[in-house]
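Heads up: the structure comes next, in structure tokens.
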Amino acid sequence: MATMYGRLGRRNILQQLPRILCRHIHNSSRLHQFNKFISNLIRSGRLSEARALFDSMEHRNTVTWNSMISGYVHGREIVKARQLFDEMPQRDIVSWNLIVSGYFSCRGSRFVEEGRKLFELMPQRDCISWNTVISGYAKNGKMEQALKLFNAMPERNVVSSNAVISGFLLNGDVHSAVGFFKKMPERDSASLSALISGLVRNGELDMAAGILHKFRSEDDGKDDLVHAYNTLIAGYGQRGQLEEARLLFDETLDDRGGENKDQRRLRRNVVSWNSMMMSYVKAGDIVSARELFDRMAERDTCSWNTVISGYVQISNMDEASKLCREMPSPDVLSWNSIVSGFAHNGNLNLAKDFFEKMPHKNLISWNTMIAGYEKNEDYKGAIRLFSQMQLEGERPDKHTLSSVISVCTGLVDLYLGRQIHQLATKIVLPDSPINNSLITMYSRCGAIADACTVFNEIKLYKDVITWNAMIGGYASHGLAAEALELFKLMKTFKIHPTYITFISVLNACAHAGLVEEGRMQFKSMITDYGIEPRIEHFASLVDILGRQGQLKEAMDLINTMPFRPDKAVWGALLGACKVHNNVELALVAADALIRLEPESSAPYVLLYNMYANLGQWDDAESVRMLMEEKNVKKQAGYSWVD
DNA sequence: GTAGGGTTAG
């Protein structure tokens with residue numbers, strides 16, 4: 001048939017064939033086009049549109065079904081993939097490989113077991129089937145199983161070995177990976193890249209550089225090394241080691257280099273440029289990044305997106321949006337960067353405009369916009385968008401939930417908070433950073449017991465943020481003993497406290513009136529942990545001294561500390577003056593506070609109440625008049641009497 | 001349409 005096509009051309013064939021066959025060819029080429037269209041839609045993440053097309057098709061072949069299954073597998077929708085797999089009239093080996101791969105790419109042993117079961121049920125297996133399961137086990141941290149299958153498979157190829165290398169490195173076993181690589185009978189450029197990228201992920205950049213250079217000097221030169229170079233350039237770039245990145249970039253050769261062995265292997269490509277550009281962006285050197293961008297002979301979407309992200313990072317939104325308009329085909333990433341840039345700039349309206357105008361949104365688009373609302377304290381907007389996203393069929397993930405929990409914290413909405421917590425238990429792994437936001441949310445909402453429950457249910461991994469959240473929760477509830485006890489416990493777990501930990505610890509001391517403990521902790525922070533005291537720590541110390549009536553010491557501290565006192569510092573002093581009826585210093589503190597925040601009524605009210613308590617009604621009245629004169633409005637929640 | 005390796009957005 002192919003040769004007939006070639007000789008006669010399509011039209012002649014159609015004229016010579018019986019009509020029914022004609023129709024078949026017509027249909028099959030249409031079918032082929034439909035299939036291509038479906039896979040294009042899936043490639044650009046437009047899964048529901050692909051499904052609509054799939055449903056509307058009159059004729060489907062195995063490829064059609066497989067494409068749709070592959071879409072669901074990539075979209076992590078294993079249930080839908082399985083439904084199609086069960087429904088399809090005929091399954092070939094690709095269908096089986098797809099569904100097995102689908103189960104293995106879902107986390108959780110339930111899925112892994114189902115994938116393995118299907119693998120066992122397969123009518124026949126090829127190398128791809130085995131490799132799918134090997135890498136599936138490796139990705140789920142089951143290297144023993146992966147190796148067992150690797151040894152059991154009837155025929156191996158280099159992909160099988162590469163999957164094992166990646167597996168070792170995914171599980172942090174650098175030593176085995178390097179050993180395995182060295183003993184491999186056959187390696188290709190992907191083997192080297194797998195090793196290099198895994199080493200980078202495990203922070204072994206210099207080891208990676210050593211192996212790369214050794215490979216380059218020893219190997220026969222048929223392999224393309226630029227992949228591995230690119231990984232390492234990006235790795236150094238990510239870590240801010242700009243000099244190392246640049247040295248490697250300079251080792252790669254000009255795009256149109258000659259034809260000798262090394263030049264073929266090291267020819268720089270668009271990803272090399274992008275990685276180097278990204279390194280500059282990460283280092284904050286957007287001028288050099290732009291220079292590279294302008295020098296590039298060929299740019300892809302990622303090049304544009306990288307330079308755009310650079311401008312977003314330095315808040316040059318004019319240039320960022322100009323580039324987004326100029327670029328040939330902005331994708332969802334470009335749009336997301338712009339939305340994120342405006343949101344971080346506090347320009348929520350423009351962020352919203354761009355968000356609404358986006359041709360396609362993905363989960364990150366929604367998360368960016370929701371986080372934008374949250375950061376700009378438009379909590380209602382965030383909640384509105386959160387509901388809208390679910391109505392439009394987008395499933396929230398840990399990033400979404402993290403923002404929405406912060407929204408609950410901002411709104412002090414315990415009811416909503418509990419609902420989101422409920423939702424989170426269905427979506428997110430039990431041990432996750434989400435718990436940190438939950439602890440903060442519950443304690444800010446006054447539900448310290450719930451915060452405590454969340455804290456205690458974290459079994460595997462509590463990071464310093466977890467401890468900070470819980471200690472801070474106790475401190476803000478005045479539970480000083482609990483806060484200090486937890487702080488002690490944290491140190492026995494060898495968790496290094498941060499400046500935030502000490503803010504809570506000092507606050508706890510203040511609440512409990514523990515002057516000596518507070519002083520001791522302040523000193524320990526500096527000498528034992530090398531943490532520079534910030535103004536918040538001084539404010540706490542002023543609070544501690546003040547509460548104990550050591551007002552003169554507090555004032556001395558304010559005068560000698562290396563910061564210009566802010567409203568927290570003066571507020572602490574003023575509060576202490578009120579408790580200890582020190583009018584003289586109260587006037588100093590109130591005066592300073594009024595200078596810092598002329599529109600705030602709090603210092604006036606406090607002074608008024610002080611005078612009133614002392615029976616100095618004339619002075620009280622003059623404070624009230626001064627307030628009227630300065631046109632300061634009393635805010636709700638402040639009392640004229642105690 | 002299926003297995004391993006590179007860059008960009010939350």
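Quick notes
- Sorted fewest first by neighbouring Cβ atoms within 10 angstrom, A:Val100, A:Val464 come out as A:Val464, A:Val100.
- Entry note, chain A: the mean residue ellipticity at 222 nm calculated from DSSP H runs of n ≥ 4, each adding -39500 (n - 2.57), is -23000 deg cm²/dmol after division by the residues and rounding to the nearest 500.
- Between 0 and 90 degrees, the angle of helix A:567-579 with respect to the longest Cα principal axis of chain A falls at about 40 degrees.
- Residues with amide H under 5 Å from that of A:Arg267, placed H, sequence gap 5 or more: A:Leu253
- Computed label-point distance, nm, for sites A:Asp294 and A:Val579 using a 7 Å Cα→Cβ extension: 6.2 nm
- Model label points for A:Glu394 and A:Asp618, set 7 angstrom from Cα along the Cα-to-Cβ axis, are 6.7 nm apart.
- When A:Cys452, A:Cys577 are sorted by how many other C-beta atoms sit within 10 angstrom of their C-beta, beginning with the fewest, the order is A:Cys452, A:Cys577.
- Relative to the dominant Cα principal axis of chain A, helix A:47-56 is inclined by about 40°.
- Contact order relative to length of region A:23-124, as percent, for alpha carbon pairs under 8 angstrom and 6 or more apart: 20 percent
- Region A:135-157 and region A:534-587 have Cα centres spaced 65 Å apart.
- Cα shape, chain A, gyration tensor, a/c 1.5 rule: prolate
- Selection from A:Ala508, A:Gln388, A:Tyr280 lying farthest towards where the dipole of chain A points positive, charges on Cβ: A:Gln388
- Take every Cα pair under 8 Å whose residues are at least 6 apart in sequence, average their separation, divide by the length of chain A, and the relative contact order is 4 percent.
- Between region A:443-504 and region A:328-373, the alpha-carbon centres lie 35 Å apart.
- Rounded, prolate or oblate (a/c below 1.5 giving rounded, otherwise prolate when a/b exceeds b/c) for region A:443-513 by Cα gyration tensor: oblate
- Measuring against 19 Å, Cα to Cα, the residue pairs A:Lys491/A:Lys523; A:Lys322/A:Lys380; A:Lys322/A:Lys357; A:Lys352/A:Lys426; A:Lys80/A:Lys142 contain A:Lys322/A:Lys380; A:Lys352/A:Lys426; A:Lys80/A:Lys142 as the ones spanning a longer distance.
- Derived scalar couplings between HN and Hα for region A:390-403 equal 6, 4, 8, x, 8, 8, x, 10, 4, 5, 4, 4, 4, 5 Hz in order, rounded to whole Hz, by the Karplus curve 6.51 cos²θ - 1.76 cosθ + 1.60 (θ = phi - 60°), x for Gly and Pro.
- Loop sites by DSSP among the trypsin sites (Lys or Arg not before Pro) of chain A, restricted to those with at most 11 other Cβ atoms within 10 angstrom, leave A:1-221 as the longest stretch without any of them.
The numbers here are math on the coordinates, done by the rules we state, and not lab data. Predicted model, so just to flag it, every value in this text is computed and none were measured. All Cβ positions, even for glycine, are placed from backbone atoms using ideal geometry, and neighbour counts span all protein chains on display.
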